[in-house]
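Engineer: The following block contains the structure, expressed as structure tokens.
The values are calculated or read from the model by the stated rules, or taken from the named source; none is laboratory data. Here the structure is a predicted model, which is why all the values come from computation and not from measurement. Glycine also receives a Cβ, built like all others from the backbone with ideal geometry; neighbour counts cover every protein chain displayed. The accessibility values were calculated without ligands, DNA or RNA, using every heavy atom of the protein model including side chains. Shrake-Rupley method; radii C 1.70, N 1.55, O 1.52, S 1.80 Å.
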Amino acid sequence: MSLGIQPQNPNLTGSQSQEAAGAGCHAGPTVRLSVTHGLKQYDVSVPPQFSIGELKKVLAQQSGLDPANQKLLFRGKEKEDSELLHMSGIKDMARLVLLEAPRSQEQVVEEEKMDPEVAQACEAIARVRAEVDKLADKVSTLEAAVNGHKKVDEKEFTVLTELLMIQLLKLDGIEVEGEARVQRKNEVKRIQNMVEAMDALKARYNNPFLDQSRSVEVATQWATFDSGSGQAPQTHAPQSFSQVTENWERFD
């Protein structure tokens, strides 16, 4: 998916939105970067004078990850926020990897200071996140099999999608406020991305020569839904999980 430096995400906080808007202040040529995040890939165009920290703010609009929780790797090495793209050898058409950084000690301490109900909600979300991490590994394994043109049981696509939907149901049952609301929203978006990936993988497995426009269409549908309009796109989840798709808007 392509990401420019001008659009702003209404879900960002006021300070993040202002910082993202500040990206437009850089005039002149841009460099095109391909950023891999799990099964997703983001194509961004930013000025070569951008710092890694500024690039993270741009990526936050698509990944849902707060810049403070992002790790950007170039040629296998993590880049510091203060490093400038053109001074770090990151040129046009460069490829980077985006990872979610583990919680810092400061974040853990801050969570301990939270209201007990908020802290409890964060703990519940963390348990769901751990389950989703396990499912992400299975999705990656399935993707590797499909890319390697290996035979797989088609039930795996359905089962993994169902398990992802179960995690959405768990998130739906968590009462959230403040920081917990942000964490739940990010986890919902992560699961949505994985459901999209499963849909695209199954289509590719059934038809290896299938035009990739299908995955673009699904991503566009999610983007429309996340903006607060339209209906949630159809997945291969069973009918019993349809209620959670109708309620996803509440996460916004």
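Engineer: Would you pull out the residues with amide H under 5 Å of residue 37's amide H, same chain only if 5 or more places away, H placed 1.01 Å from N?
Structural biologist: 42, 98
Engineer: Pop the C-beta distance of residue 88 and residue 43 into the FRET formula with R0 = 22 Å and round what comes out to the nearest 0.05.
Structural biologist: The pair residue 88/residue 43 has a calculated efficiency of 0.70.
Engineer: Would you mind checking 57/134; 79/138; 77/138; 71/170; 56/189 for any pair whose Cα atoms are more than 19 angstrom apart?
Structural biologist: Table pairs above 19 Å Cα-Cα are 57/134; 79/138; 77/138; 71/170.
Engineer: Would you please name the trypsin sites (Lys or Arg not before Pro) within the stretch 120-194 that are DSSP coil residues with at most 16 other C-beta atoms within 10 Å of their C-beta?
Structural biologist: Loop-located and lightly packed - 150, 151.
Engineer: Sort 93, 87 by accessible area with a 1.4 Å probe, largest first.
Structural biologist: Reading off the accessible areas and sorting them downward yields 87, 93.
Engineer: Under a crude label model (7 Å from the Cα following the beta-carbon direction), how far is residue 78 from residue 172 in nanometres?
Structural biologist: Calculated label separation equals 3.7 nm.
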